[in-house]
Structures are given as structure tokens and as C-alpha cells.
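What follows is a set of notes on a single structure, which appears directly below.
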Amino acid sequence: MLILNRIKNLFSFVLKEHPFSFISLFIGSILYVFNDIEAGILNPRLYDRLDLSSGLLFCFAGGSLLCEAINANRKKSENYSLKKFYNIIGYALITLIATACFIPIWLIDKEYIFPPIAGNVCGNINILYKEYIYHVLLFVLFTYVLLTMYFFYKKSEETFEVYVAKAFYGLCKAALIYFIIIAAIYLVFWTFNALFLPYIHIFPYNNISIVLFSFIVFPCTIEGLSKTKDSIPKFAKIIFTYVLTAITAIVFFIFYIYLFKIIFTSSIRFNDVFKILAALFISSFFVWTLAQGCLDKHLEKPLKIFPFLFTPFIILQIYILINRISNYGLTVNRYLGLLLVFFEIIYFALYIYRIKSNKNILSSIIFVFITFSFISLVAPVVNMNSAVTISQSSKIKNLLELGDKAKPKDRLVAYNSYIGILDDGGLRGFYYLRSLTETEKYFVSSGYKYENYDETIEKE
């Protein structure tokens with residue numbers, strides 16, 4: 001009876017607070033599953049229409065969820081009214097933009113726009129246009145997801161750390177429910193299939209997962225993110241505050257030993273160290289945020305100081321990036337590394353201000369994420385593909401200026417830059433390579449002959 005009441009309360013909450021996103025997501029998943037099962041039977045035109053309809057409903061659900069999160073937060077204001085004209089127009093635009101995002105994806109997938117064409121030494125222009133469109137849509141997705149979480153956070157009226165801890169605990173509960181239900185259903189299917197249809201394989205993993213996500217996981221996740229009034233259980237607090245923090249502290253200690261080794265031996269594995277430090281910051285950021293959100297008075301001061309243990313590693317990251325970029329130019333990985341370092345610096349500036357002023361401003365990092373997503377994916381000149389082209393083209397220009405006087409290392413570096421632009425240069429890279437003469441392209445690309453010249457040159 002307790003379980004039935006729990007399920008009833010869950011769906012009552014979702015249908016009351018998030019009806020449009022839940023219903024559209026569920027209908028979209030049903031259409032998608034039906035379309036997938038009947039793919040070989042349906043008329044191709046009907047198949048395409050169902051595919052378009054399910055995709056539009058999924059995107060509509062995303063836009064609706066953001067509108068519902070904004071509405072839930074603004075309802076606290078006495079002067080707020082959903083029926084006001086500008087609110088209706090605003091919500092309609094948000095939903096329309098999200099829904100319209102699926103149309104270019106569908107058109108590209110069905111090859112109505114940018115059909116496949118043969119590539120050349122500069123790349124495939126249609127694939128590059130598709131890539132840029134996907135980058136724009138990915139930015140829109142990031143923006144919608146992050147803004148939805150931001151308005152859930154604002155509705156909670158908790159500090160940023162407390163909200164993150166409670167929301168993470170809610171997500172853990174949703175994931176646990178999903179895995180229990182999916183394991184039970186898979187067991188039923190597997191048993192039936194093994195006993196009654198041993199020679200026929202009937203096991204629709206993907207379809208079951210999609211329906212369960214829309215009907216079970218989505219409501220549980222929304223509840224976990226938006227209903228954060230209940231306190232975190234003691235067991236979860238112990239895990240967040242003591243266990244995860246202790247493990248992270250041990251990793252920090254190991255890295256401090258390695259830092260002293262670098263100082264005394266002057267030897268460092270640049271790429272490996274940076275990747276580990278990046279993973280360490282991302283994981284430890286969540287660990288100390290979760291720990292601070294559990295409000296353990298005994299560890300309040302140590303936990304406030306704990307994030308500063310990472311600050312010496314920022315200097316090491318900057319040193320690694322300067323070394324790699326100055327020697328081998330910018331790559332997508334190094335570009336993302338630069339963004340990460342900028343994010344770390346901004347985060348610690350906000351964190352210091354947060355401690356000194358006691359103002360709850362750490363939620364501003366959500367808008368930092370959105371800004372960095374725009375810069376790296378969409379912004380002209382400074383997006384990751386354009387930045388790679390600008391950086392690597394300088395190596396090619398240097399080789400062309402040297403001409404026959406170029407050393408084998410110069411030839412190899414320029415060749416790697418040529419390949420880097422071809423792989424990661426995007427549209428700007430395509431037009432740059434097209435601007436080179438055939439003789440220049442041949443001269444640069446012939447640098448592959450020197451690949452075994454210097455095996456210490458690292459490539460990503």
C-alpha cells in the first residue's frame with residue numbers, strides 16, 4: 001500500500017507540475033517504439049512521418065520542461081500570472097525554438113539537405129556544414145538543460161551546494177529505481193524466451209529502455225531535481241562527506257608527490273598528466289560541492305579549505321598547455337583544456353568571493369558553462385574548429401616560407417598541422433586548405449615521409 005501511494009503521489013506531482021513535458025515525451029516514445037518495430041512493414045512515407053513526429057515530440061518535451069521549470073519558480077511571486085500575454089509569448093517561443101531544432105536534424109538524416117558528396121583533399125564541404133549545424137543544436141541543448149536545472153535550483157531556495165547534494169541524491173534514487181525495474185523486466189523476457197521460444201530471439205532492449213525512461217525515469221528524475229525539501233539520509237551524508245572526500249584527498253596526496261618529482265627531475269608526461277588533472281578537477285568539484293551541501297558542522301572549515309588543494313595544479317596545467325601549444329599548435333583537446341583552465345580560474349574567483357561575502361553566487365557557473373558552450377561550438381573565429389585552423393595554419397605558413405630550407409622536423413610538424421586542419425578545422429579549415437595551391441598542398445602533405453624522423457613528437 002505504501003508503494004502504491006508513493007507511485008500515486010509521484011504521478012500526481014508530475015502531471016500537476018510538468019504535464020506537457022511528461023505527456024509529450026511518453027507519446028513520443030510510443031511512436032518511436034512503434035516505428036522501430038514496424039520499420040520493415042510501414043510505408044516509407046508513413047515511417048518518415050512517424051519518425052519526424054516522435055522527434056518533434058521529444059524536442060517539444062525539452063522546451064516544455066524549461067517553461068515548466070520557469071513557471072514553477074516564478075509562481076512564488078505574488079505579481080506573477082501565467083495568463084499574461086508576454087508570459088504566454090515567451091513560453092511559446094521557448095517551446096517553438098526547442099521543437100524546431102529537430103527539423104534540420106531530420107532533414108539531414110533523410111538527406112533532404114547536404115546530401116553525401118565525394119570529398120577531396122580539403123575535406124567534404126557538406127559534412128562540415130552538417131557538423132556546424134550539429135554544433136549549433138548541441139549549444140541549444142546545453143542551454144536548455146542548464147537553464148532548466150538553474151530554475152529548479154532557484155525554486156528550491158537552497159544554497160547552491162545544498163541543492164546539488166539533494167539533487168544528486170534524487171538522481172541516484174531515480175537511477176536505482178530504473179535499474180531495478182529494467183532488471184526485473186529483462187528477467188521476465190529472458191525467462192519466457194528461454195523456456196518457450198529457445199530458438200527465436202525476442203528481446204527488444206532499446207524499445208523497453210525508451211518506454212521505461214519516459215514513463216518511470218523521467219518522472220523520478222524530475223521529482224529528484226525539483227522536490228528538494230526533504231533532508232539527505234544519514235548514510236548518503238556519510239558517503240558524500242567522508243568516503244568520497246577521503247578518496248579524493250588520497251588522490252590529491254599522490255599528485256602532490258608527483259608534483260615534487262616533477263620539480264626535482266624536470267620530467268613530465270604532458271598529455272597523460274593533463275588528462276588526469278582534468279578528470280581530477282571535474283570529479284573533485286562534485287565531491288567537495290556534495291560534501292559542503294551536507295552541512296556537517298564538524299567539517300565545515302576543513303571542507304571550505306579543501307578546494308584550494310587543487311590550485312597548485314592549475315599552474316601545472318597552464319605550463320603543460322603553453323608547452324604543447326607553442327611546440328605543436330592548438331588541437332581540439334588543447335582548446336578544451338584551455339576552456340577548462342579558464343573555468344577553473346573563474347570558479348575559484350567566485351568561490352573566494354562566496355567565502356568572503358557569504359553570498360550564494362556559485363550558481364553563476366551555470367551561465368559560465370553556457371557562455372563557454374557558445375564560444376566553443378558556435379561563435380565565429382573563436383570556436384574550436386576556427387581556433388585550430390588559425391593556430392595550425394601558422395605552422396604551414398612557416399614551412400612554406402622556409403621552402404627547401406625547411407628541416408625534417410619542420411616538414412613533419414607542418415604535415416601534422418595539415419592533418420589537424422583536415423580533421424578538426426571545420427568550415428574555416430576547409431576554405432583555408434582550398435586557398436593553398438596544389439603545389440603547396442603537395443609540399444606540405446609530403447611531410448608524411450618524415451614520420452619516423454623524430455619519435456618523441458607526440459600526436460593527439
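One table, with the values for the structure above:
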| item | result |
| --- | --- |
| Residues satisfying the stated conditions in the stretch 68-107, i.e. outside any helix (DSSP H, G or I) and either over 22 Å from S156 (Cβ atoms) or among the aliphatic types (A, V, I, L, M) (or both) | S81, L82, K83, K84, C101 |
| Set K359, K397: member being surrounded by fewer than 17 Cβ atoms within 10 Å (Cβ to Cβ) and either aliphatic (A, V, I, L, M) or closer than 30 Å to T439 by Cβ (or both) | K397 |
| I117 modelled with pLDDT under 75, closer than 30 Å to Y415 by Cβ and β-branched (V, I, T) | yes |
| Within the stretch 409-453, considering residues that are in contact with a helix residue (DSSP H, G or I) (Cβ under 6 Å, 6 or more places away or on another chain), in a helix (DSSP H, G or I) and aromatic (F, W, Y), the one modelled with the lowest pLDDT | Y450 |
| The stretch 7-43 - residue that is at pLDDT below 85 and not in a helix (DSSP H, G or I) and, of those, surrounded by the fewest Cβ atoms within 10 Å (Cβ to Cβ) | G40 |
| Selection within the stretch 154-167 - in contact with a helix residue (DSSP H, G or I) (Cβ under 6 Å, 6 or more places away or on another chain) and closer than 15 Å to F286 by Cβ | F160, E161, V162, Y163, V164, A165, A167 |
| Selection status of S266, surrounded by fewer than 18 Cβ atoms within 10 Å (Cβ to Cβ) and on the phi > 0 side of the Ramachandran plot | yes |
| Candidates L299, L290, L295 - the one that is over 22 Å from V341 (Cβ atoms) and not in a helix (DSSP H, G or I) | L295 |
| L259 being at pLDDT below 90, surrounded by 18 or more Cβ atoms within 10 Å (Cβ to Cβ) and in a helix (DSSP H, G or I) | no |
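Residues checked against (1) at pLDDT 90 or above; (2) among the aliphatic types (A, V, I, L, M); (3) closer than 28 Å to P312 by Cα; (4) surrounded by 12 or more Cβ atoms within 10 Å (Cβ to Cβ):
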site: I181; (1), (2), (3), (4): no, yes, no, yes
site: A184; (1), (2), (3), (4): no, yes, no, no
site: F189; (1), (2), (3), (4): no, no, no, yes
site: L212; (1), (2), (3), (4): no, yes, no, yes
site: C220; (1), (2), (3), (4): no, no, no, yes
site: D230; (1), (2), (3), (4): no, no, no, no
site: T245; (1), (2), (3), (4): yes, no, yes, yes
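The values are calculated or read from the model by the stated rules, or taken from the named source; none is laboratory data. What you are looking at is a predicted structure, and each value in this text was computed from that prediction instead of being measured. Note that we place each Cβ from the backbone using ideal geometry, even for glycine, and neighbour counts take in every protein chain shown.
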